[in-house]
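**Student:** Shown below is the structure under consideration.
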Amino acid sequence: MADTRTRPPARRRTKIVATLGPATSTPEVLERLIDAGADVLRLNFSHGSQDQQLQLVNDVRAITRRLNKDVALLGDLQGPKIRIDRFRNGSVRLTKDAAFALDASLATDAGDERAVGITYKDLPADVSAGDVLLLADGQIVLSVLSVKGDRIECRVEIGGALSNNKGINRQGGGLSAKALTDKDRADIRTAAALGVDYLAVSFPREAADIDEARELMREAGGSALLVAKIERAEAVKNFDTIAVASDVIMIARGDLGVELGYAELPGVQKDLIKRARDSNRVVITATQMMESMIHSSMPTRAEVSDVANAVMDGTDAVMLSGETAVGEFPVEAVQAMADTCIGAEKHRVTQVSRHRIDVRFRYVDEAIAMASMYVANHLDVRAIVALTESGSTALWMSRIRSGIPIFALTRHEATRRRVKLYRGVYPVAFDVVHTDPSHVVDAIVQEMLERKVVTPGDKVIFTTGELSGVKGGTNTMKIVAV
């Protein structure tokens, strides 16, 4: 007999990170951005003063309290500035085969058609004849002929217009600039004071860079989880150890694509998404996902396919940068991203998993999470409810591909914000400590009914611990009929 019960609408499982900037700095636009579906808001520490960042955080927290929504904040460190300096006339045009030099001793504003200064003064020590340098996201290509003291003599291989402060990459990586600068160390203290939920480290080369950032965050009194931005060729080589040191992986395709070459990037992206999930790490796919929407109210078909492929590969989140920071259609960009995610999630590949099917578990709560997802994917289950303190049970569950929503019930606001980044996980405020233990299941079922998550007759999986309110204590799975 056909099931005629009314079903809740499909929920978007892939999360959206939206970057804040001039286009999204007012409370009115922030509220529309959150209503459109932004799960995490990114503060780019490359721009804005500490006072401006504090105002944004205060506005976001006030809006989310009023809307009764949980939204995470991600602080993104600037990292080392490996850039050219400025030109006397603002820009130059380089022609193929022309001589051009990068000169560490040149004055900041003295650039011309023959040479320009550089912000990273150790660059001459990092390169040698035969190297290829990529400027302005690879639009300008220089081959290194020789290095004479502070001056790198080059030949223009691909020319064009070159303006102030454009980035420099070495093809194949190998630049020795440290991941954390003095500005980053100061910004970590600011991030801790602002209470951000996540902190992104730019240009890490090895696990030690993430370890240092975590130590600085803890010393400053912050509890943010660490995001490793994979944007150097060295980071790809050291990916496994970096993943262990971090909590989240961001595939930052801008500089990474320049260093690896655009033809290599799609395969690397797919591989890193899989390896991040296999390591039980959350993964964000970022950069130019809907770039045309900076000036257009609709994405291109290619952009839609790009986002959809990342979703089908298993990314936890997709990120908007300039689209929401400086774009003309920030709210529409979030809506387009949300629609694309929902469309991609209808594909069966997003709901079938063999994750860790042959791997032994280390923790009891991890085993309960994996068992729950196996049952959920092999039984007619409407929802999964994880009573959690830290969110770790929900994280483990979210590594398994499934179309079944996971509700993380917790009394901790910080945990509710963190799980906003986890694919397929939805936070719910629930104080298990002050709920009669004999009526916990009844109270949760009533909560789910009121939220129209389930209907009478549905099966729900519950995970909890014998000692309520204890971190890491999940040891029980129940299947309950509503």
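No lab work stands behind these numbers, since they all come straight from the coordinates. Quick caveat, the model's predicted, so the values are computed rather than measured. Note that we place each Cβ from the backbone using ideal geometry, even for glycine, and neighbour counts take in every protein chain shown.
**Student:** Take the Cβ-Cβ distance between Ala371 and Lys274 as r, set R0 to 25 Å, and report the resulting FRET efficiency rounded to the nearest 0.05.
**Tutor:** Values: r = 23 Å, r/R0 = 0.90.
That gives a FRET efficiency of 0.65.
**Student:** Sorted by mean Cβ packing within 10 Å, highest first, what order do the peptides 228-235, 16-23, 42-49 take?
**Tutor:** Values: 228-235: 25.6, 16-23: 24.1, 42-49: 18.9.
Peptide ranking by packing, descending: 228-235, 16-23, 42-49.
**Student:** Calculate I(q)/I(0) for the range 364-481 by the Debye formula, one identical point scatterer on each C-alpha and no solvent, and give its log10 at q = 0.14, 0.20, 0.21 Å⁻¹ to two decimals.
**Tutor:** Results for the range 364-481 at q = 0.14, 0.20, 0.21 Å⁻¹ read -0.49, -1.08, -1.21.
**Student:** Per residue of the range 234-245, in order, report the coupling 6.51 cos²θ - 1.76 cosθ + 1.60 (Karplus, θ = phi - 60°) as ³J(HN,Hα) in whole Hz, putting x for Gly and Pro.
**Tutor:** 5, 5, 5, 5, 9, 4, 4, 6, 5, 4, 4, 6
**Student:** Near Lys69, which aspartates and glutamates are there with a Cα under 19 Å away, not counting those fewer than 8 places off in the same chain?
**Tutor:** Lys69 reaches Glu28, Glu31, Asp35, Asp39, Asp59, Asp197, Glu389, Glu413, Asp431, Glu447, Glu450.
**Student:** How large is the dipole of the range 364-481 about the Cα centre if only Lys and Arg carry +1 and Asp and Glu carry -1, each at its Cβ, rounded to the nearest 20 debye? Walk me through the numbers before you get to the answer.
**Tutor:** Working: 14 positive and 12 negative charges, 117 e Å.
For this selection, approximately 560 debye.
**Student:** Report, in whole Å, the centroid distance computed from the Cα atoms of the range 35-51 and the range 425-458.
**Tutor:** 32 Å
**Student:** Lys/Arg Cβ at +1, Asp/Glu Cβ at -1, dipole of the range 170-259 taken about the Cα centre: which of Leu199, Val236, Ile210 is farthest positive-ward?
**Tutor:** Selected residue: Val236.
**Student:** If you don't mind, there's one more thing I want to ask. Which whole-Hz ³J(HN,Hα) couplings does the range 104-109 yield from phi under the Karplus relation 6.51 cos²θ - 1.76 cosθ + 1.60, θ = phi - 60°, glycine and proline marked x?
**Tutor:** My calculation for the range 104-109 gives 5, 9, 6, 4, 4, 9 Hz in order.
**Student:** Considering amide H positions built from the backbone, and no H for Pro or chain starts, which residues 5 or more places from Ala38, or on another chain, come under 5 Å of its amide H?
**Tutor:** none
**Student:** While we're on this one: Could you tell me which residue out of Leu102, Pro124, Val57 lies farthest along the dipole of the range 53-130 toward its positive end? Charges go on the beta carbon: Lys and Arg +1, Asp and Glu -1, centred on the Cα centre.
**Tutor:** Going by the charge dipole, the pick is Val57.
**Student:** A follow-up question, please. Suppose every K and R has +1 on its Cβ and every D and E has -1 on its Cβ; what is the size of the dipole of the chain about the Cα centre, in Debye to the nearest 20? Present the calculation step by step, with values, prior to reporting the outcome.
**Tutor:** Details: 62 positive and 64 negative charges, 195 e Å.
Roughly 940 debye, rounded to the nearest 20.
**Student:** From the convex hull of the Cα coordinates of the range 1-151, what is the mean projected area in square nanometres?
**Tutor:** Value for the range 1-151: 16.1 nm².
**Student:** Relative to the Cα centre, what is the charge dipole magnitude of the range 64-132, using +1 at the beta carbon of each Lys and Arg, -1 at the beta carbon of each Asp and Glu, and rounding to the nearest 20 debye? The partial results should precede the final answer.
**Tutor:** On the way: 11 positive and 11 negative charges, 113 e Å.
Dipole magnitude for the range 64-132 comes out near 540 debye.
**Student:** Just to confirm the number: angle between the C-alpha axis of helix 27-36 and the first principal axis of the chain, 0 to 90 degrees, nearest 10?
**Tutor:** 60 degrees
**Student:** A follow-up question, please. Provide the percentage of antiparallel DSSP beta bridges, counting only those with both residues in the range 364-481; round to the nearest 5. Before the final figure, lay out each step's value.
**Tutor:** Details: 7 of 20 bridges.
In the range 364-481, DSSP labels about 35 percent of beta bridges as antiparallel.
**Student:** Treating the chain as a set of equal point scatterers at the Cα positions, no solvent, please give the Debye-formula log₁₀ I(q)/I(0) at q = 0.05, 0.08 Å⁻¹.
**Tutor:** -0.21, -0.51
**Student:** Of Ser163, Asn475, Thr24, which is farthest along the charge dipole of the chain in the positive direction, counting Lys and Arg as +1 and Asp and Glu as -1 at C-beta?
**Tutor:** The Cα lying farthest towards the positive end belongs to Asn475.
**Student:** Hey, another quick one. Can you give the relative contact order of the chain as a percent, counting alpha carbon pairs under 8 Å and 6+ residues apart?
**Tutor:** 14 percent
**Student:** Out of all DSSP beta bridges in the chain, what portion is antiparallel? Express it as a percent rounded to 5. Could you put the intermediate results ahead of the total?
**Tutor:** Working: 32 of 79 bridges.
Here the share of antiparallel DSSP bridges comes out near 40 percent.
**Student:** By how many degrees, between 0 and 90 and to the nearest 10, does the Cα long axis of helix 364-377 differ from the longest principal axis of the chain?
**Tutor:** With both axes taken from Cα atoms, the answer is about 80 degrees.
**Student:** Another question about this same structure. Whole-Hz ³J(HN,Hα) for each residue in the range 324-341, computed from phi via Karplus 6.51 cos²θ - 1.76 cosθ + 1.60 with θ = phi - 60°, x for glycine and proline: what do you get?
**Tutor:** 9, 6, 10, x, 7, 9, x, 5, 4, 5, 5, 5, 5, 4, 4, 4, 5, 4
**Student:** Taking the Cβ of each residue in Tyr426, Tyr363, Tyr262 as the centre, tally the other Cβ atoms inside 10 Å and list the residues starting with the fewest.
**Tutor:** On the way: Tyr426 22, Tyr363 14, Tyr262 10.
In order of increasing Cβ crowding within 10 Å: Tyr262, Tyr363, Tyr426.
**Student:** Here is the link list: Lys274/Lys346; Lys15/Lys81; Lys229/Lys274; Lys121/Lys237; Lys346/Lys459. Which ones come out longer than 18 Å on Cα distance? Present the calculation step by step, with values, prior to reporting the outcome.
**Tutor:** Working: Lys274/Lys346 20 Å; Lys15/Lys81 30 Å; Lys229/Lys274 16 Å; Lys121/Lys237 26 Å; Lys346/Lys459 22 Å.
Going by Cα-Cα distance, Lys274/Lys346; Lys15/Lys81; Lys121/Lys237; Lys346/Lys459 fall outside the 18 Å limit.
**Student:** In whole angstrom, and with the biggest value first, how far do the Cα coordinates of the range 91-170 range along each principal axis?
**Tutor:** 27, 26, 20
**Student:** Scan around Gly465 for amide H atoms under 5 Å from its own, H built in the peptide plane at 1.01 Å from N, and keep only partners 5 or more places away or cross-chain.
**Tutor:** Here Asn475 satisfy the definition.
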